[in-house]
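Quick one: structure below, then a few questions.
Only the coordinates and a few stated rules stand behind these numbers; no lab work does. Every value quoted in this text rests on a predicted model; they were computed, and no experiment measured them. Positions of Cβ are backbone-derived with ideal geometry, glycine not excepted, and every protein chain shown enters the neighbour counts.
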Amino acid sequence: MFDDFFIRALVAGIGVAIVTGPLGCFVVWRRLSYFGDTLAHSALLGVTMAYSFQFNIAISVFLISSLIALILIKLQKRTNLPGDALLGLLAHSSLAVGLVVIGFLTFIRFDIMGLLFGDILAVNVTDLLIIWFGGGLILLVLKIIWKPLFASTVNYELAEAEGLNPDRAKAIFTILMAALIAISIKMVGLLLITGMLIIPAAMARNLSDSPFKMVLFSIIGGLLSVLIGLFSSLEFNTPSGPSIIAAALFLFILSLFRIKQSIQLKN
Amino acid sequence: MSSENILVKLDKAGLKQNNKWLVKGVTLQVEKGKIVTLIGPNGSGKSTTAKIALGIYKNIDGNVEKYTKKVGYVPQKISIDWTLPLRVNDFMLLTENLKDDEINNALSLTGVVHLKNKNLGTLSGGEFQRVLLARAISKKPDLLVLDEPVQGVDFTGEIALYELIKDISEKLNCGILLISHDLHTVMSATDHVVCLNGHVCCSGSPKDVARNNEYKALFGEQASQTLSLYEHKHDHTHDHDGEIKKN
């Protein structure tokens, strides 16, 4: 059954969407979209490392992204640069350094477009295992840290005062983000991962009145985006990653009508 | 008072940020069943002192020791981002897994049980304040830290909520660290007053503090009289619409 590349892509996409749903909500709530971008861009370095040392891409990306995240947290405490400038600095320089390193590795043929925007043809059975086991692990850890992470998202001081240890939850969440990027890089590509996180969550916000509903709708939105995106990619021969994100955007726009309706009802 | 009743103890605690002392040399302790009130002008370090007591700041000067983990906190201000859809019910469950009747009970005590399924963003300032207080008491804490808990609450509500706070401290035998500007209502219930102005300007029973010259200099003669005026025993309580109930 997994011989068909399209079936493999679907199974991979569904796995990724289930994980990006809840994580994406936290990215939106905690205003981490640029942080997600930075981690994703640094993933390119991880990919070059994997090729250079004949290493598994997902593990290599996970390690490099985690490293960049740690550097970022250290730098945030030591510099006077505003947060967004620091993120921009790391995001673009790690992308640039990654591309420069690729330039040196002339003996390997890189599919740069595939790296940046995703490549369904490249998804093999090993990738599926990584996505589903890695994704399951990410969700399990997220469930464990949910209470402190969510409480500190609402109010850090309240969570700290009432003994929930929000700093530890935040550090673990950062590692989960790196892990998510590692497992989803082949699906949507490193330039579009943040879109997969934010757009379904933003759509879900328009339809929800509780955090639980927002997570649920975010997962459903992600799943629909993957299905619509992949089928239209097959139908119109468009690149898979951008098609999925375009489908997510389409759903987001639909969700805006719901908001309009509820505003009109209020008036 | 034996030491096992102490819930939190500050010893010459202070906090310096950007080379400026926010508050310095604060020594105080909160014991079970007692209400300690922090008073002082704006910027005198009341909220900072409360946060030091809660262990929110890491790089403090001096010592702070907290002997309980069951803490309820009402922060001075809290803003909920639009991106986070949060109903009162979700907010009540934020740091503790409560049963439904525990939630209802706490919300009824502060008079907002009818708002249970409302979105936090739609509440008025006073309603939100009542929800914050309900959340803090719902987990039956050993230590309650209330940073201006009745701001924005209407006048009769204010009195009822202060009565409730006093009631809770007796019923749960919990210690309360209270910050308030409202000398009138608070002082009758307070066991110990700490008057702050960047440092501890004076402390003691409401009566002692009212007589203190530094206190008079800070708040004026009028406030001193107010404080002494309210040293009397209450023989009645008020319910939510302000009706008097004899004890």
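Going down the list A:K170/B:K77; A:K147/B:K51; B:K58/B:K216; B:K16/B:K171; B:K24/B:K77; B:K58/B:K140, which pairs span over 28 Å between their C-alpha atoms? Don't skip to the answer; put the middle values down first.
Working: A:K170/B:K77 22 Å; A:K147/B:K51 21 Å; B:K58/B:K216 34 Å; B:K16/B:K171 37 Å; B:K24/B:K77 23 Å; B:K58/B:K140 26 Å.
Too far apart for the 28 Å limit: B:K58/B:K216; B:K16/B:K171.
Given a Förster distance of 35 Å, report the FRET efficiency between B:N105 and A:I144 from their Cβ-Cβ distance, rounded to the nearest 0.05. Don't skip to the end; give the middle numbers.
On the way: r = 29 Å, r/R0 = 0.84.
It comes to 0.75.
Follow-up. Report the chymotrypsin sites (Phe, Trp or Tyr not before Pro) located in region B:74-139 that are in a DSSP loop and have at most 12 other Cβ atoms inside 10 Å of their Cβ, or state none.
Numbers: sites: B:W82, B:F91, B:F128; in loops: B:W82.
Those that pass, being in a loop and sparsely packed, are B:W82.
Near A:Y51, within a Cβ-to-Cβ distance under 13 Å, what is the net charge of the other residues, with Lys and Arg +1 and Asp and Glu -1?
Details: positive: A:R109; negative: A:D111.
So the surrounding residues net to 0.
Measure up B:K12/B:K116; A:K143/B:K46; A:K74/A:K143 against 31 Å on the Cα-Cα distance and list the ones that go over. Don't skip to the answer; put the middle values down first.
Details: B:K12/B:K116 42 Å; A:K143/B:K46 37 Å; A:K74/A:K143 26 Å.
In this structure, B:K12/B:K116; A:K143/B:K46 exceed 31 Å between Cα atoms.
Also, I was wondering about something else. In terms of the Cα gyration tensor, with a ≥ b ≥ c the square roots of its eigenvalues, is region A:5-191 rounded because a/c is under 1.5, prolate because a/b exceeds b/c, or oblate? Present the calculation step by step, with values, prior to reporting the outcome.
Details: a/c = 2.36, a/b = 1.35, b/c = 1.75.
Cα axes put region A:5-191 in the oblate bin.
Sketch the reach of a paramagnetic label on B:D154 as a point 7 Å from Cα along Cα-to-Cβ, and name the residues of region B:126-147 whose backbone nitrogen lies under 19 Å away.
Flagged as within label range: B:126-134.
Here is a follow-up. With a cut-off of at most 16 other beta carbons within 10 Å, and DSSP calling the residue loop, which trypsin sites (Lys or Arg not before Pro) in region B:1-56 qualify? Please list them. Let's see the in-between values first.
Numbers: sites: B:K9, B:K12, B:K16, B:K20, B:K24, B:K32, B:K34, B:K46, B:K51; in loops: B:K32, B:K34.
Sites meeting the loop and neighbour criteria: none at all.
Here is a further query. Checking the a/c ratio against 1.5 first, then a/b against b/c, what shape does the Cα gyration tensor give for region A:143-267?
Numbers: a/c = 3.33, a/b = 1.32, b/c = 2.52.
Because a/c hits 1.5 or more and a/b fails to exceed b/c, region A:143-267 counts as oblate.
Pull out the extension gain between A:A96 and A:A171, defined as 0.36 nm times the separation in residues minus the alpha carbon to alpha carbon distance; nm, one decimal. Don't jump to the answer; show the numbers that get you there.
Working: separation 75, 0.36 × 75 = 27.00 nm, distance 2.63 nm.
Net length gain for the segment: 24.4 nm.
Note down the nm distance, to one decimal, between modelled labels 7 Å out along Cα→Cβ at B:T83 and at B:R211.
Modelled inter-label distance: 5.7 nm.
Let me ask you something else. What does the charge dipole of region B:127-176 about its Cα centre add up to, to the nearest 20 debye, if the Cβ of each Lys and Arg holds +1 and the Cβ of each Asp and Glu holds -1? List each step's numbers first, then the result.
Details: 6 positive and 9 negative charges, 59 e Å.
Result for region B:127-176 is approximately 280 debye, rounded to the nearest 20.
Right, here's the next one. Considering only the other residues whose Cβ falls under 13 Å of the Cβ of A:I185, what net charge follows from Lys and Arg at +1 and Asp and Glu at -1? Intermediate values should be presented prior to the final figure.
Values: positive: A:K186; negative: A:D111, A:D119, A:D127.
Around A:I185, the surrounding residues sum to -2.
Residue farthest toward the positive end of the dipole of region A:5-191, with Cβ of Lys/Arg at +1 and Asp/Glu at -1: which of A:F26, A:L128, A:I68?
Farthest along the dipole direction, towards plus: A:I68.
Counting Lys and Arg as +1 and Asp and Glu as -1, each charge on the Cβ, what is the dipole of chain A about the Cα centre in debye, to the nearest 20?
Numbers: 17 positive and 13 negative charges, 124 e Å.
The calculation lands at about 600 debye.
Same structure again: Would region B:79-167 count as rounded, prolate or oblate if I go by the C-alpha gyration tensor, calling it rounded below 1.5 in a/c and otherwise prolate when a/b exceeds b/c, oblate otherwise?
It is oblate, given that a/c is not under 1.5 and a/b is not larger than b/c.
For region A:8-92, which chymotrypsin sites (Phe, Trp or Tyr not before Pro) are both in a DSSP coil and crowded by at most 12 other Cβ atoms within 10 Å?
Working: sites: A:F26, A:W29, A:Y34, A:F35, A:Y51, A:F53, A:F55, A:F62; in loops: A:F53, A:F55.
Listed in order of number, the matching sites are A:F53.
On to the next question. For chain B, set up a Gaussian network in which alpha carbons nearer than 10 Å are linked by springs, and say which option among B:L164, B:L93, B:L84 fluctuates the most.
B:L84
For the protein assembly as shown, what is the charge dipole size about the Cα centre, in debye to the nearest 20, if Lys and Arg each add +1 at the Cβ and Asp and Glu each add -1 at the Cβ? Write down the numbers at each step before the final one.
Details: 47 positive and 43 negative charges, 131 e Å.
It comes to approximately 620 debye.
Okay, moving on. What is the distance in Å between the Cα centroid of region A:111-149 and that of region A:1-66?
The distance from the Cα centre of region A:111-149 to that of region A:1-66 comes to 5 Å.
Let me ask something else. Can you give me the Cα centroid spacing of region B:1-41 and region B:113-165 in angstrom?
Between the Cα centres of region B:1-41 and region B:113-165 lies a distance of 24 Å.
Using a Förster distance of 51 Å, how high is the FRET efficiency between B:S188 and A:L137, based on the Cβ-Cβ distance and rounded to 0.05? Numbers along the way, then the final one.
On the way: r = 57 Å, r/R0 = 1.11.
Once rounded, the FRET efficiency stands at 0.35.
What number comes out for the charge environment of B:P85, summing +1 per Lys or Arg and -1 per Asp or Glu over other residues with Cβ under 11 Å away? It would help to have the intermediate numbers written out before the result.
On the way: positive: A:R205, A:K213, B:R87; negative: A:D209, B:D81, B:D90.
Net local charge, B:P85 excluded: 0.
Can you give the relative contact order of chain A as a percent, counting alpha carbon pairs under 8 Å and 6+ residues apart?
Working: 393 pairs, mean separation 79.3, N = 267.
Dividing the mean separation by the residue count of chain A yields 30 percent.
Name the lysines eligible as straight-distance cross-link partners of B:K118: C-alpha to C-alpha under 17 Å, and not fewer than 8 places from it in the same chain.
Output for B:K118: A:K213, A:K266.
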